[in-house]
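Enquirer: After the structure tokens below, expect a handful of questions from me.
The values are calculated or read from the model by the stated rules, or taken from the named source; none is laboratory data. Remember, it's a predicted structure, so these values are computed and weren't measured experimentally. A quick note on method: Cβ atoms are made from the backbone with ideal geometry, for glycine too, and the neighbour counts reach across all protein chains shown.
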Amino acid sequence: MQLRGFHIPIITPFADDYSIDEASLRKLTNYCIAEQLATALVPCGTTGESPTLTPEEFFKVIKIVKQEANERVPIIAGAGTNSTAKTIELLQECEALEIAGALVVAPYYNKPNMRGILKHYEELAKNTKLPLIIYNIPGRTGINITPETIVELAKIENIIGLKDCCGDLKQTMQIIRAVRKNSKYFYVWTGDDLYTYTNLVLGGDGAISATAHILGKEYRAMFDYVSQNDFQAALKIHYKLMDLINVLFVETNPAPLKAALSMLGLCRQTLRLPLVSLSVENYAKVKFEMSQLGKI
């Protein structure tokens, strides 16, 4: 697989009764591929409100997205838990769906040390044939995977990349420099959307980006400019997008994103508790920045 670029962790649209809105999910899948130029789609990530999905809904969402994508882009499922055994079971069920890979978040809440993190991902890799992507997001998990640990895990054949949300550019640079010395290619995507330009300039591979639901075309242009060494043109796009990127995280993701997508007629704002829809004040802020960029 060629996975450099911009992967969209697709939202899960809900109907007014909080059931999965299958029609909107199919519509959104096509929109992300055709209109926002997604390189891959990632159903059932945090942006897809995976903690609120039942096991049956989890696999239903993946199946719908895979069917609607119809092999136009790879499908990479969000599939991590804070139990190694449960994650292995989940990965093996995902493997049966014949998807392209899995995004596996670091174990949350129980806060293992780095030896535990190593063993966790080693066991996952041994027990599935799926390509695995490490997801390091300390703000949600309570644990930061160190660069040394990531470099060790990068040596494992079917651990192919990292979604980097550490929020520390020094750490990001350490990782990219170290993994680029290895013979095996290891992808490094940012999950901090505001660092997309920085990731590309530092030698990273793009982003697994919630805001690419709205800004995919712009990110693709940024990627192309950096590939052509036209850093000023890419930087111009970066600064143009900053205000909308910031406002799309004004409340907990994906509330602002669902509000923005509802403005485009692609889904309702409906979220499942404990998440709630955007406040009136913040809705106005999202609407203003969407209009500033000509999105509505």
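Enquirer: Hey, does segment 18-30 have a residue that's under 24 Å from THR211 (Cβ atoms), of a type in the set (S, T, N, Q) and without any contact (Cβ under 8 Å) to a residue 40 or more places away in the chain?
Expert: Taking every residue of segment 18-30 in turn, at least one turns out to be under 24 Å from THR211 (Cβ atoms), of a type in the set (S, T, N, Q) and without any contact (Cβ under 8 Å) to a residue 40 or more places away in the chain.
Enquirer: Next up: Residues ILE62, ILE20, ILE33, ILE88: which one is more than 25 Å from GLY139 (Cβ to Cβ), among the β-branched types (Val, Ile, Thr), modelled with pLDDT of 95 or more and touching a Phe, Trp or Tyr at 6+ places or on another chain (Cβ under 8 Å)?
Expert: ILE20
Enquirer: Here's a follow-up. Considering segment 178-205 alone, what residues qualify as being more than 22 Å from ASP224 (Cα to Cα), in a helix (DSSP H, G or I) and not β-branched (Val, Ile, Thr)?
Expert: If the condition is that a residue be more than 22 Å from ASP224 (Cα to Cα), in a helix (DSSP H, G or I) and not β-branched (Val, Ile, Thr), then ALA178 is the only one that fits.
Enquirer: Quick check, is ILE10 assigned to a loop (DSSP other than H, G, I, E, B), in contact with a Leu (Cβ under 8 Å, 6 or more places away or on another chain) and at pLDDT 95 or above? Before the answer, list the steps.
Expert: Details: assigned to a loop (DSSP other than H, G, I, E, B): yes; in contact with a Leu (Cβ under 8 Å, 6 or more places away or on another chain): yes; at pLDDT 95 or above: yes.
The answer is yes for ILE10.
Enquirer: Let me ask something else. Within segment 175-208, track down each residue that is more than 10 Å from ARG4 (Cα to Cα), within 19 Å of the chain's Cα centre (by Cα) and small (Gly, Ala, Ser).
Expert: Within segment 175-208, GLY191, GLY203 qualify.
Enquirer: State which residue is farthest from the chain's Cα centre (by Cα) when the search covers only segment 20-40 and only residues that are in a loop (DSSP other than H, G, I, E, B) and acidic (Asp, Glu). It would help to see each step written out before you state the result.
Expert: Initially, segment 20-40 is screened for residues in a loop (DSSP other than H, G, I, E, B), giving 21, 35-39.
Adding the requirement that they be acidic (Asp, Glu) leaves 21, 35.
On the way: ASP21: 21, GLU35: 18 Å.
Going through the qualifying residues, I end up with ASP21.
Enquirer: Among (1) buried (at least 16 other Cβ atoms within 10 Å of the Cβ); (2) modelled with pLDDT under 95, there is one condition THR190 misses while meeting the rest; what is its number?
Expert: (2)
Enquirer: Okay, next question. Any chance segment 213-230 includes a residue that's without any contact (Cβ under 8 Å) to a residue 60 or more places away in the chain and more than 27 Å from ILE160 (Cα to Cα)? So that I can check it myself, show each step before the final result.
Expert: Applying the first criterion (without any contact (Cβ under 8 Å) to a residue 60 or more places away in the chain) to segment 213-230 yields 218, 221-222, 224-230.
Applying the additional criterion that residues be more than 27 Å from ILE160 (Cα to Cα) yields 230.
Checking segment 213-230: at least one residue is without any contact (Cβ under 8 Å) to a residue 60 or more places away in the chain and more than 27 Å from ILE160 (Cα to Cα).
Enquirer: When you scan segment 247-290, how many residues do you find that are within 20 Å of ARG140 (Cα to Cα) and exposed (fewer than 15 other Cβ atoms within 10 Å of the Cβ)?
Expert: Looking only at that region, the number is 5.
Listed here are the residues, each with its yes/no results for (1) in contact with a Lys or Arg (Cβ under 9 Å, 6 or more places away or on another chain); (2) of a type in the set (Gly, Ala, Ser).
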position	(1), (2)
LEU162	no, no
MET173	no, no
LYS184	yes, no
ALA207	yes, yes
GLN228	no, no
GLN232	no, no
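Enquirer: Follow-up question, since we're still on this one. For segment 81-116, enumerate the residues that are in contact with a Pro (Cβ under 9 Å, 6 or more places away or on another chain), part of a loop (DSSP other than H, G, I, E, B) and within 18 Å of ALA40 (Cα to Cα).
Expert: ILE99, ALA100
Enquirer: Find the residue count for segment 117-132, including only residues that are under 19 Å from LEU97 (Cα atoms), assigned to a helix (DSSP H, G or I) and over 21 Å from the mean Cα position of the chain (by Cα).
Expert: Residues flagged as under 19 Å from LEU97 (Cα atoms), assigned to a helix (DSSP H, G or I) and over 21 Å from the mean Cα position of the chain (by Cα) within segment 117-132 amount to 1.
Enquirer: In segment 41-79, which residue that is in contact with a helix residue (DSSP H, G or I) (Cβ under 6 Å, 6 or more places away or on another chain) and in a loop (DSSP other than H, G, I, E, B) is surrounded by the most Cβ atoms within 10 Å (Cβ to Cβ)?
Expert: Among those residues, the one meeting the criterion is PRO43.
Enquirer: Quick one: what pairs do we get from segment 118-142, first residue more than 22 Å from GLY167 (Cβ to Cβ) and of a type in the set (D, E, K, R), second at pLDDT 95 or above and in a helix (DSSP H, G or I), C-beta under 7 Å, 6+ apart or different chains?
Expert: Final answer for the pair search is GLU123/THR84; GLU123/ILE88; LYS129/GLU95.
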